[in-house]
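A.B. asks: Quick one: this structure, given as structure tokens, is what I'll be asking you about.
Here, each number is a calculation from the coordinates, and none is a lab measurement. Computed from a predicted structure; not experimentally measured. So basically every Cβ, Gly included, is an ideal-geometry build from the backbone, and we count neighbours across all protein chains shown.
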Amino acid sequence: MSIDRADKIQKATFVRLKAGGSEAPLFLLPGIMADPILDFAKVATHARTSRPIIGIEFCQRDVYGQLPTTVAAMANSSYLAIREFQPRGPYYIVGYSFGGLVAIEVARLLRSECEIVHLALIDTRYDRRYWPMGVFMRSQVRLIGLHLKRLTREPPQLALKRLTYLVQRLVTLLLERHTSWSIDIHTLAELPASDFQKSCSIANSRYHPVSYPGRIALFLADDHGNYCSDPYELWRDFIKEIKCQIFHGNHLSILRSDAAAAKMAIALERFGAEEEQNR
């Protein structure tokens, strides 16, 4: 990604989730709703770290009122905001869900300028089309297994109809892996979602993971829900070094339930402290 046209980029804004001292802050990038307060307010409330905690609002309208629809654009705008807030490293960048994709690219930009970056992802996945085939097939087998259990409790005619749908869906997903398909803005226009969520969904569908040469901390939910995939399996071929920590709960609850948010706050404090010691 290039930032040589920084004057044309709409800079991200930030939200001070927690005040702190003079230590390098934790920069938190939210999920597909692009709302750091929604995703991180409870974590910040439970945090005891002396570091400031800053939420990054990376989905901003440009001068024409348009929202970005690529991870690269969101990362560029985040990079500019982070650099303005903290001119020199080390940087502590944390991305949740879709925000993890933006976080990786922000870290890549900072590292390209020889800055020290400490990166953590919270339950981040990329588009199914780019999953390793083995991971993709295992996830689909698990998902079909979950549906089959539900089908045994339904009338035969309805069960057969849904089973047919599942088979057709699997074929469609397999075909999508061989296309350059991405979500179209006109398709999303009819969905009951915010403009920010639609833009992030488009960006997510267009993002192709590439190797990241550094180390990351990966915080994972033990309940994979309908994803039926372990993010570690998705990232291990792309990341040089991964340190995993498992949290009880699902994709949403690991940040939004009080008990899980308290544990995540401790994990983020340790992430900052351990990376500081490893410098």
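A.B. asks: Going through the cross-link list 42/243; 18/263; 18/240, which pairs have a Cα-Cα distance over 28 Å in this structure?
C.D. replies: On the way: 42/243 24 Å; 18/263 17 Å; 18/240 31 Å.
Checking Cα-Cα distances, 18/240 exceed 28 Å.
A.B. asks: 5 Å is the cut-off here: which amide hydrogens, built 1.01 Å from N in the peptide plane, fall below it relative to residue 212, excluding neighbours closer than 5 in sequence?
C.D. replies: 239, 240
A.B. asks: Among 164, 207, 54, whose Cα lies farthest out toward the positive end of the dipole of the chain, if unit charges sit on the beta carbon of Lys, Arg (+1) and Asp, Glu (-1)?
C.D. replies: 164
A.B. asks: Given region 214-279 reduced to its alpha-carbon atoms as identical point scatterers, what log10 I(q)/I(0) does the Debye formula return at q = 0.22, 0.26, 0.27, 0.29 Å⁻¹?
C.D. replies: After summing over all Cα pairs, the log10 values are -0.99, -1.15, -1.18, -1.22.
A.B. asks: May I ask which residue of 66, 26, 217 lies farthest towards the positive end of the charge dipole of the chain, with charges of +1 (Lys, Arg) and -1 (Asp, Glu) on Cβ and the Cα centre as origin?
C.D. replies: Ranked along the dipole, the leading option is 217.
A.B. asks: Using C-alpha positions alone, give me the convex hull volume of region 111-154 per residue in cubic angstrom. Present the calculation step by step, with values, prior to reporting the outcome.
C.D. replies: Details: hull volume 5.0 nm³, N = 44.
With only Cα atoms used, region 111-154 gives 114 Å³ per residue.
A.B. asks: Can you tell me which of 115-123, 42-50, 138-146, 157-165 comes out highest on packing, and rank the rest after it, using the mean Cβ neighbours within 10 Å?
C.D. replies: 115-123, 42-50, 138-146, 157-165
A.B. asks: Would you mind calculating the relative contact order of the chain from Cα pairs under 8 angstrom and at least 6 residues apart, reporting the percent as a whole number? Show your work: numbers first, answer last.
C.D. replies: On the way: 483 pairs, mean separation 59.3, N = 279.
Rounded, it is 21 percent for the chain.
A.B. asks: Additional query: Given the Cα atoms of the chain, and with Rh set as the inverse mean 1/r over their pairs in the Kirkwood sense, what is Rg to Rh to two decimals? Before the final figure, lay out the partial values.
C.D. replies: Details: Rg = 19.5 Å, Rh = 19.8 Å.
Ratio of gyration radius to Kirkwood radius: 0.99.
A.B. asks: Along Cα→Cβ, 7 Å out, is where each label goes; now give me the distance between the ones at residue 37 and residue 215 in nm to one decimal.
C.D. replies: 3.7 nm
A.B. asks: Using the Karplus equation 6.51 cos²θ - 1.76 cosθ + 1.60 (θ = phi - 60°), what ³J(HN,Hα) coupling, rounded to whole Hz, does each residue of region 119-136 give in order, writing x for Gly and Pro?
C.D. replies: 10, 10, 10, 10, 6, 9, 10, 10, 4, 4, 4, 9, 5, x, 4, x, 5, 4
A.B. asks: Moving on. Using a simple charge model, +1 on the beta-carbon of Lys and Arg, -1 on the beta-carbon of Asp and Glu, nothing else, what dipole does the chain show about its Cα centre, in debye to the nearest 20? Walk me through the numbers before you get to the answer.
C.D. replies: Values: 35 positive and 29 negative charges, 123 e Å.
The calculated dipole for the chain is roughly 600 debye.
A.B. asks: Which chymotrypsin sites (Phe, Trp or Tyr not before Pro) does region 21-109 hold that lie in a coil by DSSP with at most 16 other beta carbons within 10 Å? Could the numbers behind the result be given before it?
C.D. replies: Details: sites: 27, 40, 58, 64, 79, 85, 91, 92, 96, 98; in loops: 58, 64.
The qualifying sites are 64.
A.B. asks: Also: I need the trypsin sites (Lys or Arg not before Pro) found in region 61-118, filtered to DSSP loop residues with at most 13 other beta carbons within 10 Å of theirs. Before the final figure, lay out the partial values.
C.D. replies: Numbers: sites: 61, 83, 88, 108, 111; in loops: 61, 88.
Those satisfying the criteria are 61, 88.
A.B. asks: If you don't mind, there's one more thing I want to ask. How many percent of Cα pairs in region 1-118 exceed 16 Å? All intermediate terms of the calculation are to be shown ahead of the outcome.
C.D. replies: Working: 3864 of 6903 pairs.
Value for region 1-118: 56 percent of Cα pairs lie more than 16 Å apart.
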